[in-house]
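Okay, so here's the structure we're looking at.
Bear in mind these aren't lab numbers, they're just calculated from the coordinates by the rules spelled out. Quick caveat: nothing in here was measured; it's all calculated off a predicted structure. Here the Cβ positions follow ideal geometry from the backbone for every residue, glycine too, while neighbour counts run over all protein chains shown.
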Amino acid sequence: MTTLKQFEEALREHGMTVALEILERLRERDRATRTIRPARRVTGRKMTPELAKQILDLHQTTNKTQQEIAFDLGVNQGRVNEVIKRGKWLDGDPASPEAVARDKALKRAKAGLGVGPRPARTRKARKDEPGKGKGKGGATPEQLRFGL
């Protein structure tokens, strides 16, 4: 299959300036009518037992893929997979691990935690290592000699 660039080069080689002008006019028209599409999903929906049941229903009654179900319902494909494969979110228990994790994440987001640069991590010295630490992969000269 020929690309548009190859087609354009072939037109130039054969001196078909009229065809090149038409091609340029079509490009200008496309640029003028082009719009920026909104994102497919700006914010995800909160996972609820009702939404999980709807996911299972769509999975069982249609031939849609997980990605298509996710797009239709406005959720992440990974969430659809969790519902289908692991049965997550099917009970309304607020103490379930996924509900607790969701609530913690929402609190962090609202508080602004986790935003910005992370503080530098410092290495703790091990008990068996006096003075300077070797760090990862710190080989001693004896280990580097051949034959040992």
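Points worth noting:
- Summing charges over all other residues whose Cβ lies under 13 Å from the Cβ of residue 47, with Lys and Arg as +1 and Asp and Glu as -1, gives +1.
- Projected label points at residue 30 and residue 48, each 7 Å from Cα along the beta carbon direction, are separated by 4.4 nanometres.
- Cα-Cα over 21 Å, subset of 88/110; 53/107; 46/110: 88/110; 53/107
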